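Peer 1: Got a structure here, written out as structure tokens. Questions coming.
The values are calculated or read from the model by the stated rules, or taken from the named source; none is laboratory data. All values derive from a computational prediction rather than experimental measurement. Cβ: placed from backbone, ideal geometry, glycine included. Neighbour counts: every protein chain shown.
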Amino acid sequence: MSEAIKKIAINTGGGDAPGLNAVIHGVVYAARGLGWKVVGIREGYDGMLEPERFQDGGLVELHRSTVREISHLGGTILGTTNRGNPFRRVVAQSDGSTREVDCSDELLQRFHQNHIDALIAVGGDGSLTIADRMHRKGLRVVGVPKTIDNDLESTTLTFGFNTAVSFATDCIDRLHSTALSHRRIMVVEVMGRYAGWIALHAGLAGRADAILIPEIPYSIEAVAAHLTRKHVDGKPYSIVVVAEGAKPSGGDVTVKSREAGRAERLGGIGEVVAAQLQEVTGKESRSIVLGHLLRGGSPTAMDRNLGVTFGAGAVYALSKGMDGVMVALKPPRLDFVPLSEAVAKLKLIPPDSEFVLAARILDISFGD
Ligand code: F6P
């Protein structure tokens, strides 16, 4: 129960996502409000397993003053890694080769040695799978979902997604004028791994002519016919948004590289699609890859607010004795309501809404 907690740790694992610092901000403010100490683990679990690698130690004490000014910053002040699986840690051998070892017992021991009562693990599916396994070994854990890809089943939204989509949309907006001037097909490849959320949302917002996503395998002939019809109808250029994980019917994803112990790196499908569309339509085509630009920059207001709310929510979960859970956002889906009902009442913010509570935890006054 909450009385037993005196000190918690937070780590960020996997690819960075805009909003990570907002989570850290939310965690520290909420925990300090309960009188708990907070330490940040550098670079996933590396700060715990290899503290000597870090100039000022692998654990960093987090105070309100440390995190007050970080919510608007991209990246993570703790650093991150996607090579840090403690169950499959890659260690160098004296002969120069490497082997994988399970360091999870040692990691658990280090949590005890550092008197850390619980961990808030901020990550995507890889990091949360590790967090779940550590929880099963006895570590008290609450997860916070993070990924620009928005591909975690149990939450409607992950922070980082909105920033990535906003940036991608801005890029697509900019491509319209150059595509029109040259009467070209512009193919924009966006990240997202095996899900098409970023492509779908940015393509929709950016008025793309075609959106290719992993969930709907495409036929290049069908895409070309669609674009040609629009050309004939008077729109002389096209914008095609392609998710990096998109694949043709009966085909597979385009892989950039494969490395032992790491997830395969997707990429290159935009170039392939552009070349094929040029060949089939006879229209000049160009491709552009937005790549890691989607992960950079300042988080949008939405991602900052989601981040601090998730962070404060994780502390709340621990304070209520929850363990082995992930904070999730679950608003309802699109619904249809009678018009009379829709306008009958002004929608006001409930005083106990998540975002109001998060603002209070951040020491923001509503004047009451
Ligand atoms: O999961 C986030 C993500 O940015 C994916 O969209 C992308 O496929 C992958 O990470 C890229 O990873 P890395 O930073 O290792 O290149």
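Peer 1: Please work out if Leu73 is crowded, with 21+ Cβ neighbours inside 10 Å, more than 16 Å from the ligand (Cβ to nearest atom) and under 20 Å from Phe310 (Cβ atoms).
Peer 2: Here the answer is no, as Leu73 does not meet what is asked.
Peer 1: I've got another one for you. Restricting attention to the range 158-170, report how many residues are out of contact with any Ser or Thr (no Cβ under 8 Å at 6 or more places or on another chain) and either more than 15 Å from the ligand (Cβ to nearest atom) or in a helix (DSSP H, G or I) (or both).
Peer 2: Summing the residues that are out of contact with any Ser or Thr (no Cβ under 8 Å at 6 or more places or on another chain) and either more than 15 Å from the ligand (Cβ to nearest atom) or in a helix (DSSP H, G or I) (or both) in the range 158-170 gives 6.
Peer 1: Going through Ile216, Ile198, Ile172 one at a time, which residue ends up being surrounded by fewer than 22 Cβ atoms within 10 Å (Cβ to Cβ), under 26 Å from the mean Cα position of the chain (by Cα) and not polar (S, T, N, Q)?
Peer 2: Checking each option against the conditions leaves just Ile216.
Peer 1: Just to be sure, is Glu259 buried (at least 17 other Cβ atoms within 10 Å of the Cβ), acidic (Asp, Glu) and out of contact with any Leu (no Cβ under 8 Å at 6 or more places or on another chain)?
Peer 2: Answer is no for this residue.
Peer 1: Here's another thing I want to ask about it. Any chance the range 78-89 includes a residue that's among the polar types (S, T, N, Q), under 25 Å from Asn21 (Cβ atoms), more than 16 Å from the ligand (Cβ to nearest atom) and surrounded by 14 or more Cβ atoms within 10 Å (Cβ to Cβ)?
Peer 2: No.
Peer 1: Only residues that are under 20 Å from the mean Cα position of the chain (by Cα) and not aliphatic (A, V, I, L, M): list them for the range 303-323, please.
Peer 2: Asp303, Arg304, Asn305, Gly307, Thr309, Phe310, Gly311, Gly313 - these are the residues of the range 303-323 that are under 20 Å from the mean Cα position of the chain (by Cα) and not aliphatic (A, V, I, L, M).
Peer 1: Here is a list of conditions, (1) more than 16 Å from the ligand (Cβ to nearest atom); (2) at pLDDT 95 or above; (3) within 24 Å of the chain's Cα centre (by Cα), and Val144 meets all of them except one; can you say which number that is?
Peer 2: Of the numbered conditions (1) more than 16 Å from the ligand (Cβ to nearest atom); (2) at pLDDT 95 or above; (3) within 24 Å of the chain's Cα centre (by Cα), the odd one out for Val144 is (1).
Peer 1: Within the range 31-39, is even one residue under 20 Å from the mean Cα position of the chain (by Cα), crowded, with 17+ Cβ neighbours inside 10 Å and either within 23 Å of Asp132 (Cα to Cα) or without any contact (Cβ under 8 Å) to a residue 12 or more places away in the chain (or both)?
Peer 2: No: zero hits.
Peer 1: Here are Pro51, Pro18: which of them is modelled with pLDDT of 95 or more and over 20 Å from the mean Cα position of the chain (by Cα)?
Peer 2: On inspection, the qualifying residue turns out to be Pro51.
Peer 1: As an exercise: evaluate Val223 against (1) touching a helix residue (DSSP H, G or I) at 6+ places or on another chain (Cβ under 8 Å); (2) closer than 27 Å to Leu152 by Cβ; (3) more than 13 Å from the ligand (Cβ to nearest atom); (4) among the aliphatic types (A, V, I, L, M) and give the number of the one condition it does not meet.
Peer 2: Of (1) touching a helix residue (DSSP H, G or I) at 6+ places or on another chain (Cβ under 8 Å); (2) closer than 27 Å to Leu152 by Cβ; (3) more than 13 Å from the ligand (Cβ to nearest atom); (4) among the aliphatic types (A, V, I, L, M), only one is false for Val223: (2).
Peer 1: Do you know which residues across the range 171-191 are in a strand (DSSP E or B) and either free of Cβ contacts under 8 Å to residues at least 12 places away in the same chain or within 16 Å of the ligand (Cβ to nearest atom) (or both)?
Peer 2: Passing the criteria: Val188, Glu189, Val190.
Peer 1: Quick one: would you say Ala92 is more than 19 Å from Val27 (Cβ to Cβ) and away from the ligand (no atom under 16 Å from the Cβ)?
Peer 2: yes
Peer 1: Please name all residue pairs, on different chains or six or more residues apart, with Cβ atoms under 9 Å, provided the first residue is in the range 3-19 and is β-branched (Val, Ile, Thr) and the second residue is within 13 Å of the ligand (Cβ to nearest atom) and assigned to a helix (DSSP H, G or I).
Peer 2: Thr12/Leu20; Thr12/Ser127
Peer 1: Of (1) more than 12 Å from the ligand (Cβ to nearest atom); (2) modelled with pLDDT of 95 or more, Leu266 satisfies all except one. Which?
Peer 2: (1)
Peer 1: Check Ala208, Ala246 and return the single one that is in a loop (DSSP other than H, G, I, E, B), touching a helix residue (DSSP H, G or I) at 6+ places or on another chain (Cβ under 9 Å), within 11 Å of Glu189 (Cβ to Cβ) and touching a residue at least 24 places away in the same chain (Cβ under 8 Å).
Peer 2: When all the criteria are applied, what remains is Ala246.
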